[in-house]
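What follows is a single structure, written as structure tokens, with notes after it.
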Amino acid sequence: GTTLRLKGTDIEAAMHADGTVTAGGHRGSIHKVAAACLGLPSANGWTSWLYRDRTTGEVRLLDALRPSA
């Protein structure tokens with residue numbers, strides 16, 4: 001149910017329970033949908049999508065949710 005925004009655009013995506021997102025008539029991985037919405041052959045979804053942290057209200061890159069290496 002989380003809403004994502006494509007960095008540098010007004011494009012929003014809905015996050016689904018299975019981990020896919022939908023935006024602009026596309027459904028798939030964060031990478032595939034970002035690329036399709038940007039008209040690119042590929043995109044790094046982790047650094048393309050923004051979300052609003054529910055605790056702080058801060059807008060952050062989706063990459064912030066990945067576990068540290």
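The values are calculated or read from the model by the stated rules, or taken from the named source; none is laboratory data. Computed from a predicted structure; not experimentally measured. Using ideal geometry, Cβ is built from the backbone for each residue, glycine included, and neighbour counts are taken over all protein chains shown. Please note that ligands, DNA and RNA were not included when accessible areas were found on the heavy atoms of the full protein model with its side chains. Shrake-Rupley method; radii C 1.70, N 1.55, O 1.52, S 1.80 Å.
Between a residue in segment 27-39 that is over 11 Å from residue 9 (Cβ atoms) and hydroxyl-bearing (Ser, Thr, Tyr) and any residue that is open to solvent by less than 70 Å² (accessible area, probe 1.4 Å) and modelled with pLDDT of 95 or more, which pairs come within a Cβ distance under 7 Å, given they are 6 or more apart or on different chains? Once the first residue is over 11 Å from residue 9 (Cβ atoms) and hydroxyl-bearing (Ser, Thr, Tyr) and sits in segment 27-39, its partners that are open to solvent by less than 70 Å² (accessible area, probe 1.4 Å) and modelled with pLDDT of 95 or more give 29/20; 29/45. Just checking, does segment 44-59 include any residue being of a type in the set (Ser, Thr, Tyr) and free of Cβ contacts under 8 Å to residues at least 24 places away in the same chain? Yes, because at least one residue in segment 44-59 is of a type in the set (Ser, Thr, Tyr) and free of Cβ contacts under 8 Å to residues at least 24 places away in the same chain. Highlighted here are the strands (runs of 3 or more DSSP E) found entirely within the chain that include at least 3 residues which are open to solvent by 50 Å² or more (accessible area, probe 1.4 Å): 59-61.
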